[in-house]
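Derivation of every value follows stated rules applied to the coordinates shown; laboratory data play no part. This is a predicted model, so every value here is computed, not measured. Glycine gets a Cβ as well: all are built from the backbone with ideal geometry, and neighbour counts include every protein chain shown.
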Ligand code: AKB
């Protein structure tokens, strides 16, 4: 029986993992927390919800006891671009929040899912077909916190036998909850602007390649790894997953197959460009495919068709 706690449940990834977990395991078995409660009323009212700071280990401990939680999805974090504006705040939330969850998991025997990121790599990492196990010397504070998080999760597993598991997410593209403060946010914004204004001004260069994944595949991956047979997991905390790799120019070309008048221009943000330039162009994800069966369904063509249809239908354009 899975009894799940999702910390950071109202964010881009959390809100969709929460919906799918409630559908699979029953709303009463999926407890949500977030530091805010002023968005997404249906999710807040659809099952147990608590207003909690992810660093508040005591509050998390009480929730885990009260609801007999066995699995924690720890999703609260500042993303890469936002983190550069407040490096100490990012370190504080990304690391102390994670430690709070790991300590509660150690005490109560919970499994813990933690998202890492392509941000855990840096300029000295091989850029093409980035291997699962390779150089990790990130230059952003977000990346530094993500590598540290991977190591912390490994440590809690080896030292305390906590069932920690995790994925290095590429940019996640979705149409329910907007991302906030990421370097890959452009790849979501472009679809909204294409439908609304037929034009997008991109903050990255047109030839900047990055890995991306569509939300349905990201949600399936997060749940699949937590349901995987633990004896099959050799890497545990930092599986590369890569569904597709593209640059803004290519994404714009695919959008034009649906909206021929769409145009793109560029106003480069040097901070986010430097972060993107330090990340891989495309990762190799063999370990995730072999160890727990990662099989993404969407590529750039099918994702673009679905994003444009969903946004157009919703906005009545
Ligand atoms: C970001 O851009 O910061 C995130 C990520 C790739 O981890 N979307």
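Worth a mention:
- Cα-projected label distance for residue 205 with residue 286, points at 7 Å along beta-carbon direction, nm: 3.0 nm
- Take every pair of alpha-carbon atoms less than 8 Å apart whose residues are at least six positions apart; their mean separation over the length of segment 240-317 yields a relative contact order of 51 percent.
- Take every Cα pair under 8 Å whose residues are at least 6 apart in sequence, average their separation, divide by the length of segment 158-289, and the relative contact order is 38 percent.
- Residues residue 66 and residue 313, FRET efficiency given R0 of 35 Å [Cβ-Cβ distance, rounded to 0.05]: 0.30
- Nearest 10 degrees, 0 to 90: helix 141-160 Cα axis against the chain principal axis: 30 degrees
- Protection proxy ranking of 65-73, 262-270, 142-150 - average other beta-carbon atoms within 10 Å, highest first: 142-150, 65-73, 262-270
- 13 Å reach of a label modelled at residue 92, 7 Å along Cα-to-Cβ, counting backbone N of segment 42-75: 54-56
- Angle between the chain longest axis and helix 300-315 axis [Cα atoms, degrees, rounded to 10]: 90 degrees
- Most mobile of 131, 296, 260 in a GNM of the chain (Cα contacts under 10 Å): 260
- Rg [Å, one decimal], Dmax [Å, integer] - segment 159-317, C-alpha atoms: 16.9, 57
- Between the Cα long axis of helix 215-227 and the first principal axis of the chain there is an angle of about 20°, rounded to the nearest 10.
- Shape category assigned to segment 24-116 from the gyration tensor of Cα positions, a/c cut at 1.5: oblate
- Ellipsoid fit via the Cα gyration tensor, the chain: semi-axes of 31, 22, 18 Å, each the root of five times an eigenvalue, largest first.
- The ranking of 45, 227 from fewest to most other beta carbons within 10 Å of each one's beta carbon is 45, 227.
- Looking at segment 232-317, the pairs of alpha carbons with a distance over 17 Å make up 65% of the total.
- Three-way shape label, segment 76-169, alpha-carbon gyration tensor, a/c 1.5: oblate
- With contacts taken as Cα pairs under 8 Å at a separation of at least 6 residues, the chain carries a relative contact order of 19 percent.
- Helix-derived mean residue ellipticity, 222 nm - over the chain, DSSP H n ≥ 4, -39500 (n - 2.57), to 500: -13000 deg cm²/dmol
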